[in-house]
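Colleague: I'd like to ask you about the structure that follows.
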Amino acid sequence: MLTAICILVALAGLGLSQTLQCATVPEGCDAGPAYEETLQRAIQRFSTNSVYGGRPGVFASSISQTGTLAQISYSCNDGSVPPPLLGSTAQDLLSRILTCPNRCGGISLAGNSRCGFGALIATNVDAENCFARAIDLTPENTQPTVKPSADGFVSRGCRTDSSNARALTGGSADEPGMTVERCVQLAQRFRYAGVEFSRECFWGNDIASGSSETAADQCNMPCGGSLLDVCGGDHRISIYENTTWTPLPPPPTTVPSVGSFQNRGCFIDFANGARVLRADSSTQEGGNGMTVEKCVALARDAGWRWAGVEFGSQCFVGNTLRGANSAPAGDCSVRCAGNPGETCGGGNRIQVYEDTDWKDPTLEELAALIRRYHVAMSAARGLLDEAEKLLTEMASSANGKRMMKRQSGLLQGLRNRFTPVRVELEEIAMTSTRNVGRYVQLDIDNPGAGLRLDAGDYRTWQQQAQEAPRAFRNVETNLDRLLAGELSAAQVVLIVRSALVAYGPVLALGAIPVGIGFFFGIIILIWQKLFPSTSNPNPTAPSQTTSQPPDATPTPVVLLMADGTTQQDYVAVIEEIVKMNSIIITRINYEKVELRALTADMTDEAIDAMLANPKVATLSRRIQADPEGRPGDSRLDRREPGPAAGTNESIPSSLHKRALTLPGNFGHFIQSGPLFDDDDPTNQAQQNGPPFHLSWLTALWTMTGLGGSNNARRYAFNDYIYDPNPPANQVRVYVLDSGTRATHREFANSPFSISYNAMQEDLRVRGDEDKDGHGTCMASCVGGQYSGVFKHASLVPIKILETGNNPPWLDHVIRGFALVEFDMLSAQMGVMSMSIGFPRDRLRLRESQAPNSYDPFTHLLPRLPGLKVVPVASTGNNAERGEDLGGYTPRRNGGTNTNLIVIGAADQNSVRAHFSNYLDIGGRGILTGYANGVDVVCAGHTQDNQYRREDGSSPATAQVAGLVALMLARGEWTVLNAKDRLISEARRLKGANFPPVAILPMPNPKTILGNEGLRVAIDQLVTCVPEVNQGGDSTAVQPAYTTPNKNMFADVISTTALANLPTTAEPSCVFPPATRAPHTPVLGP
């Protein structure tokens, strides 16, 4: 039997290629077909689609019930590893051995005579121990594996595929001997290659969305040409990605239009003096080279009618298309040097664009443009004169190196006026230059007679029209450097004087030309050439005259569009204004905000036209708000000791560790650091806390009737209790002021994610910078962690002024309203806090104007309820000069039938502060109520740990804004009833019986004497109910409020103090005497 096994191995590799060698061996291979069935079963053990070989020794056997054993081996006679082949191939080869007489023998592989199959049959094997482990042996197949990479392609896994919707659609191949290498070779120009079903290859740049990733073992079929590698499966594709692939750029496209320039096709062009366009040309090569847009800009800026691009990098312009013969569009297919996605003509082919707005200007149209240019130049010259005067004063003053606040404010205001004039100057200089160039009629066939300008005039105009805005911009830039401290006033004034020399004197258009050595000179010269008789600048209408620029200075105005007007209406109004020799200074026009306004320097003609235009809501003189004043500046002589209003106190972090613990009076702060004033750093004192204005709001510090009006008492309560939990509703509080110091510790728990600067047109300019301090103080009164009423307020600073010495302009406030509307697009509810007042009479442009035609707030305020915003405004601080609430806006728009809340200032004794405006000559109920506005402690603006004291109706207004926001956030008030609820709560909790105040002598003053306004109150976590004794008299009160959450005070008192807080709160809630001594804040230790 051992002999038979050796013969079996030897037979596997004998003979020539695919040569069959039959064998006769005793005990099996000598009985003819008697044992054929046993051998056939052994052959069938090779699975048709499985791979065999590629590993040492492959054996198969089958034993019959009679003890006959058929054995098969696949091996090589030199000991090498037999190559892989499919089971179907093995079956084909072995079936040939069945043709041998004794069904035994060997056959070699095609092309490999060293390796092959051998088959033997043995009988009586039951007694042979050597066969005990070889009976019924199934051959072990070889599993193909995924090739990780091939020729720069890497495997990307197995995906589903369908014959109806292929994963890759760029191309395909079907080859019996397919391999991964062959497939990626076919797909070299594509991003993806995929092999499938052993023999199929697909490729493409994108994988279809219908193909999804699947398990790796679902791609299990061997490649037809490489059986040890996986080539997908049945409807499964093995994906490979080309790591060196870069997408081919799409074919270039022809730009159809650029602005008013439209594509007119492709034309034949030659360089031998027969150019289609001949007036001017430019060549720009390289990555930043020529584009259609650059060529069109060259033509547009110089006033040419035609622009043409050629051979990728060339541009030609002109007013006449000469000898133009059309060419096929495909001839203009060369990529632009500066943009490969665009076509820029071709070789001797020009791609032409025509300005559809171009026309020869009439003399009348040219006159209007020159007048507009003259107005812009005059405005620029006027600002240069103002700058020269102010800078000369600053340079010569004793403190020229350190600008005084007044001068700094004036300089900043002057600088802000430069930008709109410069923008208008640049625009009209370009427009007028373009049209003067057209009127010269360069490069126009058959131009006609009567030309009054030559090319030299045009070139001079063009040069100086470029220099005038450039000189003006240079002054603007150096003013910025002066404000930043980089230059001195003496240095900048020299730059201004140089510009003044270049501009020359302002001459009327009808003046006698005195040369063209300065900017105004060329304007006058061109005017004289066009209109030799200044009384008749329109030769087409001899009987008519065209008005000259008015001698009077144009009036700065603010225009507000009416509700319901469209963007088209807005553009039409602007165009009408410009036609009347007026200059648009700024535009207020934000996407998705239906509030549009503008500022302009208007002629009388334009003002009259706009007053009659139904699309215009209001037309107002552009003015600054009235300075509200800082009433505490002169208060030291009346209340000692105490710092002046606006005083700053540095409160370091150690303040939080030095709180004294007194039940019902926690938060008594002692400050050992210096107390300093902006102007007098030697003024030292110390501060108490918590801030009195918060306990003033608390309902327990009040005066109301318990058990009848005769038993009126004041309650004393020294704490401000607030809910530490964030409310259900989000409410944003918009503080229209001088900006806010966002890094102050007051706002550590509520950083400003949003802020705006209404002094700038760009929405990206933030308002979280404060050079004055007033805005920071107001924001902290609204939502500061120490001074704020609403600790969870979402504060949105909107900067409308730089410093109190330079009050806000009307248009900046209107822009602030527009920014509120813009921001409310993403908010639930809002409150607006503003402390501004514009004298109503100064807004009026014509005596005949009705108030609602020049007061923009009569139109702006009614918009707010629809936006879910509650407005809160101050009364102002000029009561001692008899100021009427009805004389200033926006406060004049308050009253019983409006949504505007108007707040005045009361002192610690709940008496109206002497400075707080209250007169209501019209008797319209403008004043809503009072909050504490004396000795209000709020955040400072020069250090992050600094606090200050502030007097005025402004901090009172900010507190009420915080209170309204708090009630809206809790859902207890609504936007529509907030004012009514504020009034009813004030009346319920604090009554209306307050000590009378002194009324200034006024002729028949229509004002409420004594009870001139309610005192606002908060009654959310603290209530106080009367405790009735046996006699039935209300002699004491019983506190009833939520036990304070110790965590809410962690930011203002020490850890020790927190530990000493009572579990059940027992605040001071008693009846003091009916007549109480005036409250004097304790400022010492």
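The values are calculated or read from the model by the stated rules, or taken from the named source; none is laboratory data. These numbers were taken from a predicted model, which means no experiment stands behind them. No Cβ is skipped: glycine too gets one built from the backbone with ideal geometry, and neighbour counts run over all protein chains shown. Keep in mind that these areas ignore ligands, DNA and RNA; they rest on the heavy atoms of the full protein, side chains included. Shrake-Rupley method; radii C 1.70, N 1.55, O 1.52, S 1.80 Å.
Colleague: How large, in percent, is the carbon and sulfur part of the accessible surface of the range 279-330 at a probe radius of 1.4 Å?
Modeller: Of the solvent-accessible surface of the range 279-330, carbon and sulfur hold 46 percent.
Colleague: At residue 909 and residue 567, where each label point lies 7 Å from the Cα along Cα→Cβ, what is the point-to-point distance in nanometres?
Modeller: So the label points at residue 909 and residue 567 sit 6.1 nm apart.
Colleague: Using a probe radius of 1.4 Å on heavy atoms only, what accessible surface per residue do you get for the range 783-825? Whole Å² is fine.
Modeller: Per-residue value: 18 Å².
Colleague: While we're looking at this one, here's another question. In nm, to one decimal, how far is the residue 205 label point from the residue 579 one, both placed 7 Å along Cα→Cβ?
Modeller: 5.1
Colleague: Next question, about the same structure. Taking the Cα centroid of the range 63-94 and of the range 802-849, what is the distance between the two, rounded to the nearest whole Å?
Modeller: Taking the Cα centre of the range 802-849 as reference, the centre of the range 63-94 is 98 Å away.
Colleague: Can you tell me how much longer the chain between residue 22 and residue 863 gets when fully stretched, taken as 0.36 nm per residue apart minus their C-alpha distance, in nm with one decimal?
Modeller: Going from the current span to full extension adds 292.1 nm.
Colleague: For the range 291-364 and the range 206-250, compute the distance between their C-alpha centroids and round to whole Å.
Modeller: Result: 48 Å between the Cα centres.
Colleague: Around residue 392, with a cut-off of 12 angstrom between Cβ atoms, what is the net charge of the other residues, counting Lys and Arg +1 and Asp and Glu -1?
Modeller: -2
Colleague: Turning to a different aspect of this structure: For the range 134-223, what does the relative contact order come out to in percent, with C-alpha contacts under 8 Å and a separation of six or more?
Modeller: This gives 33 percent for the range 134-223.
Colleague: Report the calculated FRET efficiency for residue 326 and residue 169 (r = Cβ-Cβ distance, R0 = 35 Å), to the nearest 0.05.
Modeller: 0.35
Colleague: I need the calculated FRET efficiency for the pair residue 395 and residue 612, taking r as the beta carbon distance and R₀ as 60 Å, to the nearest 0.05.
Modeller: 0.80
Colleague: Here is a further query. Got a sec? Charge dipole of the range 82-191, +1 on Cβ for Lys and Arg, -1 for Asp and Glu; which of 107, 87, 124 is way out at the positive end?
Modeller: 87
Colleague: Efficiency by 1/(1 + (r/R0)^6): what FRET value for residue 154 and residue 257, r their Cβ-Cβ distance, R0 = 41 Å, to the nearest 0.05?
Modeller: After rounding, the FRET efficiency stands at 0.35.
Colleague: Take the alpha carbon atoms of the range 582-610, find their center, do the same for the range 865-931, and report the distance between the two centers in whole angstrom.
Modeller: 30
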